[in-house]
Amino acid sequence: MATITKEEVRHVAHLARLAITEEEVEHFTEQLAKIVQFADKLNELDTTNVEPTTHVLPLENVLREDKSVAGLDREIMMKNVKEHEAGQVKVPAIME
């Protein structure tokens, strides 16, 4: 069974550029040890006849086909615009 040492926790925190206290080192060491123990427990399962999967549910590409379609009619769109000038939508300035 794999174990996590306090030094490994300090090393990972250092790599992640996290400043952690000794109390946090202790806390995270215990938490990570429990996670590793759980992963070890999962390794005990017999998965001989289980096909490898990447997702639990079947996924499909939900993106539409990349083809051009007509947009809103400009005159209809301008009816919903608060202010416009010379065929352009006028918006409040956001920069000075």
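The values are calculated or read from the model by the stated rules, or taken from the named source; none is laboratory data. The model shown is predicted, which means the values in this text are computed figures rather than measured ones. We place every Cβ from the backbone using ideal geometry, glycine too, and count neighbours over all the protein chains shown. Note: areas computed on protein heavy atoms with side chains; ligands, DNA, RNA excluded. Shrake-Rupley method; radii C 1.70, N 1.55, O 1.52, S 1.80 Å.
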Item checked: Any pair with Cβ under 6 angstrom, 6 or more apart, that starts in region 84-96 at a residue that is in a loop (DSSP other than H, G, I, E, B) and ends at one that is open to solvent by 100 Å² or more (accessible area, probe 1.4 Å) -> Lys90/His84
Next item on the list: Give the residues of region 16-38 that are under 19 Å from Thr3 (Cβ atoms), exposed (fewer than 12 other Cβ atoms within 10 Å of the Cβ) and among the hydrophobic types (A, V, I, L, M, F, W, C), sorted by residue number.
Entry: Ile35, Phe38
Item checked: Filter pass, Leu42 being farther than 30 Å from Glu8 by Cβ, of a type in the set (A, V, I, L, M, F, W, C) and either open to solvent by 100 Å² or more (accessible area, probe 1.4 Å) or under 26 Å from the mean Cα position of the chain (by Cα) (or both) -> no
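Being open to solvent by 100 Å² or more (accessible area, probe 1.4 Å), within 30 Å of Val12 (Cβ to Cβ), modelled with pLDDT of 90 or more and outside any strand (DSSP E or B) is the requirement here; does Lys67 meet it?
Judged against the criteria, Lys67 is not a match.
For region 9-56, name all the residues that are acidic (Asp, Glu) and touching a residue at least 24 places away in the same chain (Cβ under 8 Å). Steps first, answer last, please.
Of the residues in region 9-56, the ones acidic (Asp, Glu) are 22-24, 26, 30, 40, 44, 46, 51.
Asp40 - this is the single residue of region 9-56 that is acidic (Asp, Glu) and touching a residue at least 24 places away in the same chain (Cβ under 8 Å).
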